[in-house]
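The values are calculated or read from the model by the stated rules, or taken from the named source; none is laboratory data. On a predicted model such as this, the values are computed, not experimentally measured, just so you know. Cβ: placed from backbone, ideal geometry, glycine included. Neighbour counts: every protein chain shown. Just the protein is used for accessible areas: all its heavy atoms, side chains included, with ligands, DNA and RNA removed. Shrake-Rupley method; radii C 1.70, N 1.55, O 1.52, S 1.80 Å.
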Amino acid sequence: MGFLRTAILFAATLTTGLTAGLFTAFAYAVMPGLARTDDRTLVLAMRRINESILNGWFAFCFGGALVFTLLAAGLHLGDGQRAVLPWILVGLVSYLVVLGLTAVVNVPLNNALARAGDADPAAARAGFERRWVRANVVRAVASTGAFGLLAWALVEAGRQSH
């Protein structure tokens, strides 16, 4: 059971870290780069990114972070594992912030951008960019925090096994 607990916690940490890396890269590179482009370029680029991100790798990382973290929490409920559990639970709460923002802000804005016509890219950008970027920065911070907390849970789990 110890190997399974550690493997699941490792998978939670890895998938959360990959997701954090994605959102963080958007926060410090992709969106600042697109901010320097014209309206039509930003709108078209974000539409294509939003279309292409819906793939198995993203689904595995984004969904896996939640599933593996929930499993890790469940596997650490027993006696002798509780020192690790608070780190996992706070990491889970941080990741739930990411999921909530994605569902309530980012995905609806992505969908609105996809539905916006090509006649007025300035209006499409104005309705999208500022709110999306702000929510993504919070997602980047929350997912990076979740990653750090899960990484610390791995450290604590290693200490308990010795």
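Values for this structure:
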quantity: Among residues of the stretch 41-90, those that are within 26 Å of Ala112 (Cα to Cα) and polar (S, T, N, Q), counted; calculated: 4
quantity: Any chance Val105 is aliphatic (A, V, I, L, M), open to solvent by 60 Å² or more (accessible area, probe 1.4 Å) and either assigned to a helix (DSSP H, G or I) or at pLDDT 95 or above (or both); calculated: no
quantity: Boolean, Val98 is part of a helix (DSSP H, G or I), among the aliphatic types (A, V, I, L, M) and out of contact with any Phe, Trp or Tyr (no Cβ under 9 Å at 6 or more places or on another chain); calculated: no
quantity: Residues within the stretch 128-147 that are closer than 14 Å to Phe62 by Cα and either among the acidic types (Asp, Glu) or touching a His at 6+ places or on another chain (Cβ under 8 Å) (or both), tallied; calculated: 0
quantity: Any pair with Cβ under 8 angstrom, 6 or more apart, that starts in the stretch 147-162 at a residue that is hydroxyl-bearing (Ser, Thr, Tyr) and ends at one that is modelled with pLDDT of 85 or more; calculated: Ser161/Gly2; Ser161/Thr6
quantity: Members of the stretch 115-162 found to be part of a helix (DSSP H, G or I), more than 21 Å from the chain's Cα centre (by Cα) and surrounded by 13 or more Cβ atoms within 10 Å (Cβ to Cβ), listed by number; calculated: Pro121, Ala123, Ala124, Arg125, Glu156, Ala157, Gln160
quantity: Any helices (runs of 4 or more DSSP H) falling wholly within the stretch 9-90 and containing at least 3 residues that are open to solvent by 30 Å² or more (accessible area, probe 1.4 Å) and closer than 30 Å to Asp120 by Cα; calculated: 31-35, 39-52
